[in-house]
Amino acid sequence: MNPRRTSLALAASLALLAPIAEVPAQSEAAADKWYKVAVSGNEIAFVNTGSIQRAGTHLQVRVKQNYLAPVDSAKKGKTFQSARTDYRLDCEQRKLAMMATRAFASPDLQGDVVQKASRSEKNLIWVDAPRASVFGEILDYGCKNAPPG
């Protein structure tokens, strides 16, 4: 077999595979579609529309919060400008609970993770989500857009 022809065939095969290799990265980026649900003082909250799912009798949702001014971290001398939080929602009782959160140094979940926290299912702390509050808007959007179940 001609070595030049073999290398050309290999190059052509690799060129055909390159776009396929990029598809998962594009699909993952497309999965992170954020819908703005609330603006309040120093905070803008977004719900990841693809993250809303049923969890037993509750819902679970992922939220991005961007802060207009840096927020002091629990770690001395550190600040953060965004956070990604997974919440458990109780639509009937209008309550939500933080399951896990990560705070990032820069807006839009960029930069170093400055602090993180999580709670087990049995140790969730439920808080009220009054209407026209950031928590209320997160709860309303999640409950309204929940998958059938």
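Taken together, the values in this text are just the output of simple stated rules run on the coordinates, not laboratory data. These figures come from a predicted structure and were not determined experimentally. For neighbour counting, all protein chains shown are included, and Cβ atoms are generated from backbone atoms with ideal geometry for every residue, glycine included.
A few remarks follow.
- Other residues within the sphere of radius under 12 Å centred on the Cβ of Asp140, judged by their own Cβ, net out at +2 (K and R +1, D and E -1).
- The lysines within cross-link reach of Lys64, meaning a Cα-to-Cα straight distance under 22 Å and a gap of 8 or more places when in the same chain, are Lys33, Lys36, Lys75, Lys78, Lys95, Lys116, Lys144.
- When the inverse distances between all different Cα atoms of the stretch 34-144 are averaged and flipped, the Kirkwood radius reads 14.1 angstrom.
- Summarising the label geometry, the points placed 7 Å from Cα in the beta-carbon direction at Ala55 and Gln93 lie 1.4 nm from one another.
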